[in-house]
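A short write-up of the structure that comes next.
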Amino acid sequence: MRRRDRRGRGLRGLLYPPSTPATRTRAERFDALVLIALEPIEQRWGAELTNLDLAVDDVPEVTVTSPQAVVWGPGVIEDGGVPLAQLVPAGVDPQGLPTRARIVLYRRPLETRARDRMDLSDLLHEVLAEQVAEYLGIDPDAVEDGLA
C-alpha cells in the first residue's frame, strides 16, 4: 500500500529512526528492565542459577472464571489476588520430556502496580529476588544481603 503525498509535502516516513529507544514497544522496554533487575542477582548467584530459565508473559493464565474459586499454588507471588510472578519447578512436560525450572514474570500486573519506570525497576528486582530465594530454598533477605 502506498502512503499518501498529503498537500505536496512528500511521502510520509517514520517519526523516529528504528535504532532509537523511542521505537521500542512496551514489552521490549519491560524486557530490558527485567534484564537490568536480574543482572546483580545473576552476578552473585549465577553458578546456582544455571538450570533456571526466565520468561515473561503478558498476563497469568486463568482457567477458572470465579475470582473466589481461584487458588494460586506454591511459588506464586501475588498482590491483591493478582499474581505478579510464578516459580515453575522443573518437571516433565505432557510429551514426557524433562523441563527446566523457570520464573515467569507477568508484565501487565507488574506494570500496573508501578508508578514509573524506577518504581517498576525496583519492583522487578524485589520480585526476582523473592523468586530466586524460593528456587534456592533460602531466605529472600539472604539473596538481598548477597548483593550488598
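Observations, loosely collected:
- Neighbour-limited loop hits for chymotrypsin sites (Phe, Trp or Tyr not before Pro), region 42-148 (at most 14 other Cβ within 10 Å; DSSP other than H, G, I, E, B): Trp72
- Here the extension length gained between Arg115 and Glu39 equals 25.1 nm, from 0.36 nm per residue of separation less the Cα-Cα distance.
- Value of relative contact order over region 45-148, rounded to a whole percent, pairs C-alpha under 8 Å and six or more apart: 25 percent
- Distance (nanometres) between label positions extended 7 Å along Cα→Cβ at Asp79 and Asp31: 2.3 nm
- Applying 0.36 nm per residue to the separation of Val62 and Glu48 and subtracting their alpha-carbon distance, the gain on full extension is 1.9 nm.
- Shape category assigned to region 98-148 from the gyration tensor of Cα positions, a/c cut at 1.5: oblate
- Trypsin sites (Lys or Arg not before Pro) lying in DSSP loop within region 75-131, provided at most 12 other Cβ fall within 10 Å: Arg100, Arg115
Rule-based calculations on the coordinates, nothing more; no lab input. Just so it is clear, the structure is predicted and the values come from calculations on it, not from any experiment. Glycine gets a Cβ as well: all are built from the backbone with ideal geometry, and neighbour counts include every protein chain shown.
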